[in-house]
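Q: Following this message is one structure expressed as structure tokens.
Just so it is clear, none of the values below were taken in a lab; they were calculated from the coordinates. From a predicted model like this one, the values you see are computed outputs, not experimental measurements. As a convention, Cβ positions derive from the backbone with ideal geometry for all residues, glycine included, and neighbour counts pool all protein chains shown.
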């Protein structure tokens, strides 16, 4: 390009426009080649577009930058690479080429949109809107991610559900379902009837990865039911459990710290007092706790006197009581999860582990234990 400018400067100023128009086709071809070779992604976007068409777009952009709004003439100049295939009329901008290609391939655009929505780093609002436009997928107010057990189910449901996107995230088949009303669940449950699936909480499109992440976690926490009992489970119904088990190491640390006074008891004694303490904290008194435990209120009062000796004045501190309730709930939940996982056949557990392995370290850190 510097050679071209030097050549132009050696000629009288009045000849500059003519010389530039003569050399412009070769310059445009050179720039187009440089763009394809040096910028990742450009080659993929223009792979199905004829080189001559791309060159014409570049030349049109150069003319616009030089203050000319005339379309490049077909076959102009000795160095022009164009001939009878030149397009008549004004050309669209070079930036429109990827959009044209996406519009020609909506299925590919939908796959790209699925990847963008489930990415840990969501695209900007503008980029998301452009992807949705190319995929012919009107952006909804809310999206629910649905974790499924087999890729075939995802594709089948997507084909029969208006606006759904299907794909894989780290080996896990998922469905993205537009949700006009975040409170409505009947239609989702009907769509998934007879299938074991976990439905994520409704989120704005840019937060789809969060809905997908917790749906997968819930799917892995709940044992696979038999075919007649297969049904969809909703993250909305398990928010407290998912929050308590968000990090199992922290949950163990909290339980170990707050329930340390029970450490010297036998497992049976500890279990009995833990159940009593949790029922008392939840119910607010001995009669309510006795009803929950199906024991006599006097039995609860006796056990509470034991607990008061073990815990001392901490049982009267609101913050300690709150943390005790969290610790007791998390310990119970972790025991349930261990029991459920022990019932799962070894082959199923291995498959689940293989699904989770491809997740990167940052993602695993956020989903540790959940």
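Q: Expected output is a single nm value to one decimal: the length gained when fully extending between residue 249 and residue 183, i.e. 0.36 nm times separation in residues minus the C-alpha distance. What is it?
A: Numbers: separation 66, 0.36 × 66 = 23.76 nm, distance 3.31 nm.
So the extension gain works out to 20.5 nm.
Q: Further question: Ranked highest first by the average count of other Cβ atoms within 10 Å around their residues, in what order do 150-156, 262-268 fall?
A: Details: 150-156: 15.4, 262-268: 10.4.
Packing proxy ranking, top to bottom: 150-156, 262-268.
Q: Provide the gained length on full extension for the span residue 222 to residue 306, in nm with one decimal, where the gain is 0.36 nm per separating residue minus the Cα-Cα distance.
A: The span from residue 222 to residue 306 would gain 26.7 nm if fully extended.
Q: Against the 2.2 N^0.38 Å scaling, with N counting residues, where does the stretch 174-217 land? I'd like the Cα-based Rg ratio to two decimal places.
A: 1.11
Q: Give me the Å³ per residue figure for the convex hull around the C-alpha atoms of the stretch 259-340. Mind dumping the intermediate values first?
A: Details: hull volume 7.8 nm³, N = 82.
So the per-residue Cα hull volume is 95 Å³.
Q: Please report, in Å, the Rg and the Dmax of the stretch 138-259, where both are computed over Cα atoms only.
A: 15.2, 52
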